[in-house]
Every structure is written in structure tokens, then in C-alpha cells.
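Below is one structure, written out as C-alpha cells; comments come after it.
The values are calculated or read from the model by the stated rules, or taken from the named source; none is laboratory data. Model, not experiment: these values are computed from the prediction. Please note: Cβ atoms are built from the backbone with ideal geometry, for glycine as well, and neighbour counts cover all protein chains shown. Ligands, DNA and RNA are stripped out before the accessible areas are found, and what is left, the full protein with its side chains, is counted by its heavy atoms. Shrake-Rupley method; radii C 1.70, N 1.55, O 1.52, S 1.80 Å.
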Amino acid sequence: MTDPGSINRTPRRSPVGIIVTVILCLGIIGLGGWLYMRNQESQTASVPAATTQQTAPATPAAANAQVDAPTPVEPSAGSPQIEAAAAYVPKNNVVEIDISEYAGYGGLIVANGGLEPNPDSFFAKEYGFQVKLSVSEEETWGKLNNGKFAAAATTADVLAVLGRQFNVVVPAQIGFSRGSDMIVVDQGVTSVNQLAGKTVSGSEFNESEFFLRYLAGEAGLKVKLLRDLDARPAADEVGLVLYEDSFVACDAYEAELKNGTNRLNGCVGWTPRTDEVIQASGGKAKMLVSNKNLLIVADILTVNKGFADANPKMVKGIVHGLLEGNRRLRDQPDQNIGVVAKAFKWSEADTKDELAHVHLSNLPENLAFFNGTIDAAGSFSGIYQSSVLAYGDRIKNPVDGDRFVDTTQLQALKSEGKFADQVVAIAPIRTTTTQALEGDPLLKKDIRFFFEPNSAQLDDQSQENQQYLDTVKNFLQISPGSEILLRGHVDNARIDEFRKQGGEELVKSMALKSMELSKQRADAVRKALLKKYPNIDPKRIEIVGRGWEEPAGPDSDKNRRVEAQWFTLE
């Protein structure tokens, strides 16, 4: 039987059904609206930029984008630990030497005729063994120590850091770096002294860190290791934040400049990365100083001690070959640049430019470097002791530098008459005609020489005075072409007394006398310096008296001083 109510029936809706229906309808309407809006946005995005700019100005997002900065590394607790000492044993009469990609090691390449063992090399023809040169950018102190290499190139300052665990001998100096190491700073910083209270980036235990530490110490500033960019140094400190290597340290400073965060005020590293930072800064950064005319970064040959003790003839051959290669590059660069360029895969033009940043040492310069008589650059002992002082308590129980040096082979070559025509020839590199004193001093140092009361008579018996003279002499020694300005000062404590006694006239009269006395004191220092070191060119030392016009503070003792300003060539 058919149900009559099922035909033409309009069903009744429950309240729940109505609600569900409404929700579905609203969802459909919303979906349609969203699809419509997305289509409109797509069409707008396809319109040329000129059209969209009519409706809304473009946002310079690229200008506001932040550059990713590298992360600092944790400072080491002390000196780096290296592999245990073991003797190197040559295989198949081939001696392995490790170098880095640096023009200063070109002499070894020239003597070897390239990197690979070569039966036609100087070493093979003169001493009967061949040499394999390996090029790596990692620190190989441990491998050298552990007998993986016979010899390696490094810098003199590193020896103080590694200490007695580094079982090597140093039979020769390779040369001096001249312009490769550089401190780059904010445009407003004009001297090392002005780094006080500021922070720079760098890497640890290499020549660039030593370069910074040396100059900061001479300016009377401490170097404070900081763990991150938010930490700040004290007013008498230079903050140093460490990175994986010097190139990364320069990356960090460049990022700070681009981001405008200003937590770093400079970086210390080497070319070409330092040059690139300056070029990319848009005038915000500049070079404060390079080691072009600051000869304190000395490249040396280090030889595995076990190998050296067992093979003195081979060591002599390596030293002789090094000096011969240096001679060829110094005296006949055009005939020898090609082999260095091929080894490093450089162009000959780039090789020539890189060689302009080094001084390749000859035999008499080697002997003067090790015996301390060199007068136009840092000596081995001077650089070594400076490194000990610069690193301070980071070096535990420092050892005497003489434990590393063995000049036996240099002396033998001299006795045989080798390189008899060579002389010490280290000259300043001048890039402008501007005199040093016409620019800003690299640094200034207050030195309290002791004088007889109210006189310009320098106390010759004072041990402190003799040490201060050595300080000034060392400035001139390590920096060819540099000049010293000695600025005399006297105490200003009696000005009020003079004013009470005779008014402004007496103050003016005594001010003129103080100016003269301060000049006489500066001149007394100059004369004592030239008497003790007669080889110093007098034209490199100037004097001026400043009277009581520039007090160092309320301390009378500190105001009785001679200030040494050091002007270097760049």
C-alpha cells in the first residue's frame, strides 16, 4: 500500500539541520570570496612595477635587510695543545716541507723548481736529496712536531705561544711580512690609543693577533678577550672577539658595518680580505696600520728536532736552498716569478704584487736577525719577548727563546764565503711624498724620565731611564722610515701659587719658563738616545716643549713626563 504522504511532500526541517545548512552556505560564500581575491592579487602582481607604484610607494626592503653575521668562538683556556713529539724520517731520499699560499715562501719554491720532488733542483744538485713542498692553509704545528713533516714555515711570535711542547729548531729566517697584516677600524679612529674602550674582531694565536697585542701594549692598553659582541671592555682595554680565522673575523666586522649595529669598531686580519672590507664599507672603515713598515711579523723556518739532530747535512741544504731561492727572487725577479706563479696558480702580475708585500731575507740579514744587531727591523729575541709580554697570562710558564735557535748552518755558510757580496738592505716602503710627522701618530706613549729637580739634567744612573731609551729606540728599529716626536711636559701644580704671588703677569712669565724647561727635557732625552745609539739618524727624532699646557691629570708625578709620539709611514 502506498503512503499518500510521500507524494508532493515538503519535508519539515529540524533546528539542527537549519544551522548546518547556514554554516555550509557561509563556507561556500567565503571560499568564493577568497578565490576571487587571490585572483585579483595575482593579476596585480603581474602588472609592471611602474603601475603598482601609482597605487602605493615601494618599500626599500633590500636597504633594510640584515646581513647574517658569523658566530664568535670561545677563547682557548691557554696555549693550544699539539701532537706529541716524534722524529721525522725521510722516505726515498725526499724531504717534505709544509708551506702556505704566501709569496714569502717563494724562495723555497724557486730553489726546488716547483712544488714536486725535482732531480734538477738546487737541493738535489748541491746536496743529493729532493724536496716535496706541500701547500696547506691549516696550522701544521702538530704534524711537524709529530714527524709528519721535516720542516714548516711559521712566524717567530708563535714559538712563545707553543713553548716547550714544540720540539723544533729554527735554523733560518725566511723573511718579513710587509703589508699583509692590517688593522681596519672605524673612520673616526686615528691612533692605536683611540681603540681604548672599543672592540675589534680577530682570531687567536697567529701573527694578526700578535700584531694587535703588540701595538696595544706599546700604547699602554690591555687586550681583553670577549665571548660575544654584547660584552664591553674597560676604558683602558681593547676588546677582542675571536672567530674561526682572520677572514671570518673580517666578515663579522663587515656585517656589523652593513647592519649598523656598531658593536665592533674594527678587525685585525690580512690582505686581501682587509682591503675588501674597506672597499665595501662605503667610507665607514679605513686602514689604521699595516705591517708594511712595521717589521715585527717575521717568517721563520722551523725544523723537526729529531730530524735535525739526525740529518745536519740535509738541514744545511734546506737553509742554503732557501737563501739561494731568496737571492734569485730578490736579484732576478722577472726570471723567477713564473715558477712561483705556477706553483700557487697565480698570474705573474698577481705574483709580482704579492712579492711586494714581503721582504726576503739574505744571509747577513739572517745573522743580524738572530744575534740582535739588526737595526731596521725586529730581531728574533725582540719579537719573541714581545710575544711573551703581549700574550701575558695566556702563556703558562714561558720558555726562553734561545732553546729554539740554531744558527750553525748560517755560520757555516758564512765561513765558506757563501753570499759574500750581500749586505743588510731593509729600506722603508714609501707610497707618498708626505713626511711621517705630517700625519697622525700611530700611537703615543707617556714616558716618565727622571730628571734632577727643577732642571733638564737627565739622571744617567737611573735604570728606568735606560729602559725608556730602549723603548724609544725599538720604535725606530722595527719601523724603517718612522719618526719620533718627543713632547716635553712639566707639572702645573703651582699655577695658583704663582697667581697669588704675582697675578697673571707672573703666571704668564712662568708659563714661558715651563715651556722652555719642557723643551730642554725633551732635548735631553734626544741627546741621551743618540749617545746610547749613535747609528740612529738624528733627523728621525724631533722635539717640542709643551710646558704645563697639556696635563695628564691631577697627579703631579704623571705630569712631569716626556711623551713619545710614533709616526710611521704608510
Legend entry - For residue 447, residues with placed amide H under 5 Å, excluding near neighbours: 562, 563, 564
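So what's the net charge close to residue 505: Lys and Arg +1, Asp and Glu -1, counting the other residues with Cβ under 14 Å from its Cβ?
Result for the local shell: +3.
List the DSSP H helices in the chain whose Cα atoms stretch 18 Å or more along the helix axis and whose mean Kyte-Doolittle hydropathy is at least -1.0.
15-46, 246-259, 312-331, 463-478, 495-532
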Inset, instruction - Let me know the volume per residue of the alpha-carbon convex hull for region 114-246, in Å³. - result: 151
Inset, instruction - Of the DSSP beta bridges with both residues in the chain, give the percent that are antiparallel, rounding to the nearest 5. - result: 60
Legend entry - Estimated dipole of region 447-570 in Debye, rounded to 20 [Cβ of Lys and Arg +1, of Asp and Glu -1, Cα centre]: 240
Legend entry - Spatially proximal lysines relative to residue 352 (Cα-Cα < 18 Å; intrachain offsets below 8 disregarded): 292, 342
Legend entry - Positive-end residue of 199, 113, 172, charge dipole of the chain with Cβ unit charges: 199
Inset, instruction - Go through 491, 299, 353, 275 and list them by solvent-accessible area, largest first, probe radius 1.4 Å. - result: 353, 275, 491, 299
Legend entry - region 52-189 - charge dipole about Cα centre, Lys and Arg +1 at Cβ, Asp and Glu -1, debye rounded to 20: 360
Legend entry - Phi-based couplings in Hz for region 127-137 (Karplus 6.51, -1.76, 1.60; Gly and Pro marked x): 10, x, 9, 10, 10, 10, 9, 9, 10, 9, 9
Inset, instruction - Using every pair of alpha-carbon atoms in region 464-511, split the distances into 10 Å bins beginning at 0 and state the percent of pairs per bin, rounded to integers. - result: 22, 28, 15, 23, 11, 0
Legend entry - Farthest toward positive dipole pole in region 516-570 [+1 Lys/Arg, -1 Asp/Glu at C-beta], among 545, 530, 559: 530
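Can you give me the relative contact order of region 131-240 as a percent, contacts being Cα pairs under 8 Å and 6 or more apart?
Value for region 131-240: 23 percent.
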Inset, instruction - Using Cα positions and a limit of under 18 Å, work out the lysines in reach of residue 414, with same-chain residues fewer than 8 apart set aside. - result: 313, 316
Legend entry - Stokes-Einstein diffusion coefficient of region 90-157, Kirkwood radius over Cα pairs, 4 °C, 1.567 mPa s, in µm²/s: 105
Inset, instruction - Report in % the part of the accessible area of the chain that belongs to carbon and sulfur, leaving out ligands and nucleic acids; probe 1.4 Å. - result: 51
Legend entry - Estimated D of the chain in µm² per second, where Rh is the Kirkwood radius over Cα pairs and Stokes-Einstein applies at 20 °C, 1.002 mPa s: 77
Inset, instruction - Taking the Cβ of residue 157 as the centre, find all other residues whose Cβ is under 13 Å away and add up their charges (Lys, Arg: +1; Asp, Glu: -1). - result: -3
Inset, instruction - Please state the charge dipole magnitude for the chain, taken about the Cα centre, from unit charges on C-beta atoms (+1 on K and R, -1 on D and E), reported in debye and rounded to the nearest 20. - result: 620
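With n ≥ 4 as the cut-off for DSSP H runs, can you work out [θ] at 222 nm for the chain, using -39500 (n - 2.57) per run divided by the number of residues, rounded to the nearest 500?
Taking each H run of at least 4 residues, the total per residue is -12500 deg cm²/dmol.
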Legend entry - Descending Cα extents along the principal axes, region 474-570, whole Å: 50, 22, 22
Legend entry - Alpha-carbon radius of gyration plus Dmax, which is the widest Cα pair, for region 203-242 in Å: 10.0, 27
Legend entry - Prolate/oblate/rounded label for region 272-397 (Cα gyration tensor, a/c 1.5): oblate
Inset, instruction - Enter the accessible area per residue of region 218-280 (Å², integer; probe 1.4 Å; all protein chains in place). - result: 43
Inset, instruction - Apply the Kirkwood formula to region 317-455: the hydrodynamic radius equals the inverse of the mean of 1/r over all pairs of different alpha-carbon atoms; give it in Å with one decimal. - result: 19.0
Legend entry - Candidate lysines for bridging to residue 286, where Cα separation is under 18 Å - those fewer than 8 sequence places away on the same chain excluded: 198, 258
